[in-house]
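Here's the structure we're looking at; comments come further down.
The values are calculated or read from the model by the stated rules, or taken from the named source; none is laboratory data. Everything quoted here is computed from the prediction, not taken from an experiment. Neighbour counts are summed over all protein chains in view; Cβ atoms, including those assigned to glycine, are modelled from backbone coordinates with ideal geometry. Ligands, DNA and RNA are stripped out before the accessible areas are found, and what is left, the full protein with its side chains, is counted by its heavy atoms. Shrake-Rupley method; radii C 1.70, N 1.55, O 1.52, S 1.80 Å.
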Amino acid sequence: MGDGWTMRKMWVGAGVAVASGMGFVMLLVVGVYLVAGNLAGGAGGGAKKLAKGSVPAAYQPIVQKWGNLCPAINPALLAAQLYQESGFNPKARSAAAAQGIAQFIPGTWATHGIDGDGDGDRDVWDPADAIPSAASYDCSLASYVKDVPGDPTENMLASYNAGAYAVIKYQGVPPYKETQNYVKVITTLEKSFAAPTTRVDPSEQAAGAIAYAQKKLGTPYLWGGNGTADQGGRFDCSGLTKAAYESVGIKLPRVANDQYNAGPHPGRDELLPGDLVFFSDDLTNSRAIRHVGIYVGGGYMIDAPRTGAVIRFDPIDTPDYFGATRVTEDGAKALPTTV
């Protein structure tokens, strides 16, 4: 009861403070850390279900089904791999000849590609084959290293990156920086694709990000704006959120739909100041997100809305409200630089 009362009190205060100007930021700074203190120790957990819209609707049932193929994987982990590999682009092609949504190289596809949709062929460019093949490949790797000590999922991911032989040789994740980083990236990204089963811890940097955005109130919008001097200090929506979190040492991707993957996703009734809030005309697909703001409490955000407008407070409860992300430092670092 105490936690919920604290959040409700803070939100009511924040709503009143929208009209009161400069006192707002101090309320937010105090409020964020008050709630952070009250929620300390409330850990997030792994989940078997995908977060709302985190996987494009066309692929969501496939990822949900095949992500439960074996105990070493789950739908959120499989989604994290697909996002890291291709950004869910079924036409992706790498310089190393990796192909499709799961980025199989031809030799691996020849050995591990399966007919996931049962239509009689194995097509690396067809997500209905490639996604099941990715899950099947993960599970094959997990079976190769099932007797190795340690976490089965981490050993499977290490095998995916370095080969099962290396995992067996070192009896766990091998001491290769690239492999250790891959394991950390995927297990971190997993949290941004999983529907939280418990409360999500607040970000310690949230108050600083809000303070930065609050100082930009009244600044004219500029499409593609990053706030640089040659742009007159102007921003677009994701340029503002990127700069706000960069001011507290967290580097986000440039575009809104990738910023969505920078951490776990609290529900509407769990929002805290500093959460990023997202908007889309397609509520089933995070890749279609077109707008982002920084939540400040009381049902309001600071955002850079559109050409001809200025950075301002706007309500978040609109028909195109998609969801929210509680930005974490590890979550932001895990995001691929290009997808």
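The table below gives the values:
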{"item": "Between 0 and 90°, nearest 10: helix 75-86 axis offset from the chain longest Cα axis", "result": "90"}
{"item": "The chain: antiparallel DSSP beta bridges as a percent of all, rounded to 5", "result": "95"}
{"item": "Cα-based helix-to-principal-axis angle, 23-39 vs the chain, degrees rounded to 10", "result": "40"}
{"item": "Residue-averaged 222 nm ellipticity for the chain, from DSSP H runs of 4+ at -39500 (n - 2.57), nearest 500", "result": "-12500 deg cm²/dmol"}
{"item": "About the Cα centre, charge dipole magnitude for the stretch 239-288 (Lys/Arg +1, Asp/Glu -1 at Cβ), debye", "result": "240"}
{"item": "Solvent-accessible area of Lys52 with every protein chain in place, 1.4 Å probe, in Å² to the nearest 10", "result": "110"}
{"item": "Two-site FRET efficiency, Lys52 against Lys169, from Cβ-Cβ distance with R₀ of 35 Å, rounded to 0.05", "result": "0.25"}
{"item": "FRET efficiency estimate (nearest 0.05) - Cβ-Cβ, Ser143 to Ala97, R0 22 angstrom", "result": "0.25"}
{"item": "Lys, Arg +1 and Asp, Glu -1 on Cβ, resulting dipole of the chain about Cα centre, debye, nearest 20", "result": "760"}
{"item": "Loop-resident sites, the stretch 55-111, for trypsin sites (Lys or Arg not before Pro), counting at most 10 other Cβ within 10 Å (DSSP)", "result": "Lys91"}
{"item": "Virtual paramagnetic centre 7 Å along Cα→Cβ of Gln231, amide N under 17 Å, in the stretch 301-335", "result": "303-312"}
{"item": "Selection from Ala135, Ile105, Asn74, by position along the positive dipole direction of the stretch 45-168 (Cβ)", "result": "Asn74"}
{"item": "Theoretical FRET efficiency, 1/(1+(r/R0)^6), r = Cβ-Cβ of Val310 and Arg268, R0 30 Å, to 0.05", "result": "0.70"}
{"item": "Too-long pairs where the Cα-Cα distance tops 24 Å, listed order kept, from Lys52/Lys216; Lys242/Lys333; Lys65/Lys146; Lys184/Lys216", "result": "Lys52/Lys216; Lys184/Lys216"}
